[in-house]
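Before any comments, here is the structure.
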Amino acid sequence: MLARAAADFYWMGRYLERAEHTARLLQYQLTRLVDTPAGELALGWRVIYRALGQSAPVTPTVTDEAESFLLADAYTLAASLVEETTNPDSLIRCWTMARDNAKQLRPWLPVRVWTCLNQGFFWLRDRDFHAAWATGPAALAGEAINRLRLLAGVVDARMPRDDAWRFLELGRFVERLQHQTALLDAWDRIGQTTGDAPSLSWAGLLRVCAAHEFYCRTHSMVIRRGPALAFLARNPELPRSLCFAVHRIEKLLAGIDPRGSRYPLAAPHRMVLRLSANVETDAGNEADPGDGRGSFDELPRDGRALHGTIVATYFDYPVEAGLPS
């Protein structure tokens, strides 16, 4: 497959996964506007923007009249993540970029996949966010999630398991690994406070990751930091765990570059092995560290290094080198 086509599939997968991640964060936060204390809401916005690697367009503060101001702040904060075309993590930006990549891939994409992606783009582009906010703040995020999951189902049903599909899925899971790591780190470092200050619940983190019911069924209704982080990091059966993402990346790379998975290992395969070891040993320590230090020190850097290695190996390699035949 041409390197430029592989890169388009890879970035298409990344943008679609990024859009769903933003929508899930928004859905969780906006469903809590009615009955959540203002201080906890403000903390939630700070964690969301930190997890996305951004600074909030307004700074949520807590005052005696915080409730009256925080709703207006919530509109601004949510709008930046929905309709702001210059925000790299906004829904409209991610959907637009995924569609732009898909335009270059029409010969490889089944018609139904393109149609589903295109319909979702026009739905979001033509939505009046102000009217949607008045109807129900969380409804638009929920609809976006449903449309993205429909697209994922169409991709799963219609695309053959060739390199086009592998690069698309590779982009999706590299993006998931990076964003989930950032979310767990932000929730652990910023979302937890001491004393009487508001904190975010670990049950909330499990709900954001679609893991609350699974955790309660297999562990306990009592949710604590250590077991929750370990569950989200190392459970191989949870689709949004770090372990699940790393294992999928490993399998996809083995399909794309079979020789690279044998000695001597290609650079992306070596990096995945390092990530797998770090997930098993460092991420989500069972015991509270007790010194305020987070347990995700290496993974964010390694996730970025994995992306850079994939780009250098499969997309931007010298023309005379090419891939091993």
Picking from Leu168, Leu242, Leu177, Leu238, the residue that is open to solvent by less than 10 Å² (accessible area, probe 1.4 Å) and farther than 23 Å from Ala305 by Cα would be Leu238
Just one listed residue, out of Ala182, Ala102, is touching a Phe, Trp or Tyr at 6+ places or on another chain (Cβ under 7 Å) and either assigned to a helix (DSSP H, G or I) or within 13 Å of Gly13 (Cβ to Cβ) (or both), and it is Ala102
Within the range 206-235, of all residues that are among the hydrophobic types (A, V, I, L, M, F, W, C) and open to solvent by 70 Å² or more (accessible area, probe 1.4 Å), the one nearest to Phe173 (Cα to Cα) is Ala210
Taking the range 76-122 and keeping only residues that are of a type in the set (Ser, Thr, Tyr), closer than 30 Å to Trp45 by Cα and open to solvent by less than 70 Å² (accessible area, probe 1.4 Å), one is left with Thr76, Ser80, Ser90, Thr96
So the helices (runs of 4 or more DSSP H) completely within the range 217-317 holding 3 or more residues that are at pLDDT 90 or above, farther than 15 Å from Leu184 by Cα and more than 21 Å from the chain's Cα centre (by Cα) are 242-256, 267-281
Ala197 fails exactly one of (1) small (Gly, Ala, Ser); (2) without any contact (Cβ under 8 Å) to a residue 60 or more places away in the chain; (3) at negative phi, namely (2)
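The values are calculated or read from the model by the stated rules, or taken from the named source; none is laboratory data. Given the structure is predicted, the values throughout are model-derived calculations rather than measurements. All Cβ positions, glycine included, derive from the backbone under ideal geometry; neighbour counts span all protein chains shown. Calculation scope for accessible area: heavy atoms of the full protein, side chains included, ligands and nucleic acids excluded. Shrake-Rupley method; radii C 1.70, N 1.55, O 1.52, S 1.80 Å.
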